[in-house]
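The values are calculated or read from the model by the stated rules, or taken from the named source; none is laboratory data. Since the structure is predicted, the reported quantities are computational estimates derived from the model, not experimental observations. Here the Cβ is made from the backbone with ideal geometry for all residues, glycine too, and neighbour counts use every protein chain on show.
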Amino acid sequence: MTDDYEPSPGRRESQTHTKPAGNTAPRSEQPRRGRSVGERLIRIRSGETETESTPALCTGQHRRPHRHPWSLSGRPRPRLLSRRRGIVAIAAMIAAVTGLAACSSDDNGSGNTANGSGAPEIVVGNIGTYTGPTASSQAQAQDMAKAWASWVNAHGGINGRRVKLIVMDDGGNATTALSQVKKLVEQEHVVAIIGNHSNSDVNWASYISGTDVPVIGGTSLDLPFVTNASFFPVGPSVIAGLYGVLQIAKSTGPKMGLLYCAEAPQCASAVPLYSTLARALDLSIPYNAKVAASAPDYTSQCQGLKEAGVQSVSVLAPSDTVVRVHRACADQGINVPEVAQDGTVTTTWLKEPSLNGMRAVGYVAPFYDRSIPATQEFHDAIQQYAPGIEAVLSEQSADVWASGKLFEAAVRAAPAGDLTAAAVKKGLYSLKDETLGGFTVPLNFVEGKPTSIKCWFTLGIEDGRFVGPKGLETECAPASVVDPVVATLG
């Protein structure tokens, strides 16, 4: 599904970038059924399963160049084809037609100007899994992306140029996601993809590497943000984030419990990784068990935590399951504080007494903070352009905002001349210890190398309100622990 989000009417002018050659995707671009431990782990917080949903169709007209009636390439085919080649060609044609129908656009491709000045718009893309099983935890990200674009344009654009945002919803389908990213790059000519919340980014990461288009920010827990040089994270890597969770757990005592979702194999695959990192902190995990979202109660898991004598627990499951587990344990007189990934924490947790004392790793500045101009601006934009997400606000929105602000900084730092995708990358490389006014940990990017950020913020809940145990100070994982583990994910 495509959403051309343009806060005010106008005409769009295409941006220039290096376009990948060829019409056939290499094998590395195709959706992969097997995933490494790191790849499987990245979806724990949203409870995604390994299955793919059917791509949703969307409205709009797809404009195709004239092609020879017998050939997808525009040239006549040989008269004779083997049966196997014929079947492959037909299958490819059907896939192409259905894929294009699923991500068509209403945009007419005309040029657009900013504030009547004649300056062309800056076209950027956003992709996420905004419908399907994980939509409840990620849907607000697209609203925040639109709010960012509206806020930027209402404040003069970037260097006097308006932003046009094109939003794609992959519906949790890997094939759809790849098709949509190709559309953003090859047809919409975006100069960047910001706020990536696609659960299928491992399937299109190799494609984007063959272009100049940077993927700026989004869910930094996703594997490409630590293994792919075309991805520019705004927060710590999945390994540093897990280390942060374990470090917080260690501060409460030497034993941590681990509960993980029963619905998807990738949840269980996280256990060995947690154990490896825990040893570096001299922390033990004496009890781990599955939790199913559909379970009527969690008596056995709560009793297991009690018998193991743990001082904290990390529940790797969707946000509402975390709430139900802690509520069930509290009903049995078992109160073990939660140590969470910030992505699962929402404002709804404030209403749950059993989560009092919770601590979490924050990937960007805590989403509730208003203590500095950078975080206040974030809330001002929400109030003006996305008030509906305030009641369920989470880190998902904060990392999208950070993505947009990093893109702004990159454009302003880009070389003079045409603003291309390659120029945006040069702008990113020129930034040094960039914190976006305190909204992120210091960000540095090296050309041609993946980025492994090792620092995070800390947040918690006390007496029904959010607290920052260390304010906006950050903590970092040692490179000697994180880097060897990251090296195994490449």
I'd like the full set of residues that are β-branched (Val, Ile, Thr) and either farther than 16 Å from residue 217 by Cβ or touching a Leu at 6+ places or on another chain (Cβ under 9 Å) (or both), limited to the stretch 176-203. 176, 185, 190, 191, 193, 194, 202
Selected residue (only one of 439, 445 is touching a strand residue (DSSP E or B) at 6+ places or on another chain (Cβ under 9 Å) and touching a residue at least 40 places away in the same chain (Cβ under 8 Å)): 445
So residue 204 fits all but one of (1) among the aromatic types (Phe, Trp, Tyr); (2) surrounded by fewer than 24 Cβ atoms within 10 Å (Cβ to Cβ); (3) out of contact with any Phe, Trp or Tyr (no Cβ under 8 Å at 6 or more places or on another chain); what number is the exception? (2)
For the subset of the stretch 432-460 comprising residues that are surrounded by 22 or more Cβ atoms within 10 Å (Cβ to Cβ) and β-branched (Val, Ile, Thr), which member is farthest from residue 214 (Cα to Cα)? 458
Being surrounded by fewer than 24 Cβ atoms within 10 Å (Cβ to Cβ) and modelled with pLDDT of 95 or more narrows it down to one of 150, 137, so name that one. 150
Quick one: count up the residues across the stretch 313-333 that are in contact (Cβ under 8 Å) with a residue 12 or more places away in the chain and surrounded by fewer than 19 Cβ atoms within 10 Å (Cβ to Cβ). 4
Candidates 375, 348, filtered to the one that is closer than 20 Å to residue 399 by Cα, in a helix (DSSP H, G or I) and modelled with pLDDT under 95: 348
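Let's see how each residue does on (1) in the same structural domain as residue 269 (by TED's automatic domain parsing); (2) over 22 Å from residue 288 (Cβ atoms):
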residue: 335; (1), (2): yes, no
residue: 338; (1), (2): yes, no
residue: 348; (1), (2): yes, yes
residue: 357; (1), (2): yes, no
residue: 382; (1), (2): no, yes
residue: 387; (1), (2): no, yes
I'd like to verify a number: residues in the stretch 214-225 that are over 13 Å from residue 399 (Cβ atoms) and touching a Gly at 6+ places or on another chain (Cβ under 8 Å), how many? 1
For residue 406, are the conditions met, namely being in contact with a Leu (Cβ under 7 Å, 6 or more places away or on another chain), without any contact (Cβ under 8 Å) to a residue 40 or more places away in the chain and not assigned by TED's automatic domain parsing to the domain that holds residue 138? no
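Listed here are the residues, each with its yes/no results for (1) modelled with pLDDT under 95; (2) in contact with a Lys or Arg (Cβ under 9 Å, 6 or more places away or on another chain); (3) surrounded by 14 or more Cβ atoms within 10 Å (Cβ to Cβ).
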{"site": "388", "(1), (2), (3)": "yes, no, no"}
{"site": "404", "(1), (2), (3)": "no, no, yes"}
{"site": "407", "(1), (2), (3)": "no, no, yes"}
{"site": "423", "(1), (2), (3)": "no, no, yes"}
{"site": "426", "(1), (2), (3)": "no, no, yes"}
{"site": "462", "(1), (2), (3)": "no, no, no"}
{"site": "476", "(1), (2), (3)": "no, yes, yes"}
When you scan the stretch 335-393, how many residues do you find that are farther than 22 Å from residue 234 by Cα, charged (D, E, K, R) and touching a strand residue (DSSP E or B) at 6+ places or on another chain (Cβ under 7 Å)? 1
Evaluate the following for residue 291: is it among the β-branched types (Val, Ile, Thr), surrounded by 14 or more Cβ atoms within 10 Å (Cβ to Cβ) and touching a residue at least 40 places away in the same chain (Cβ under 8 Å)? no
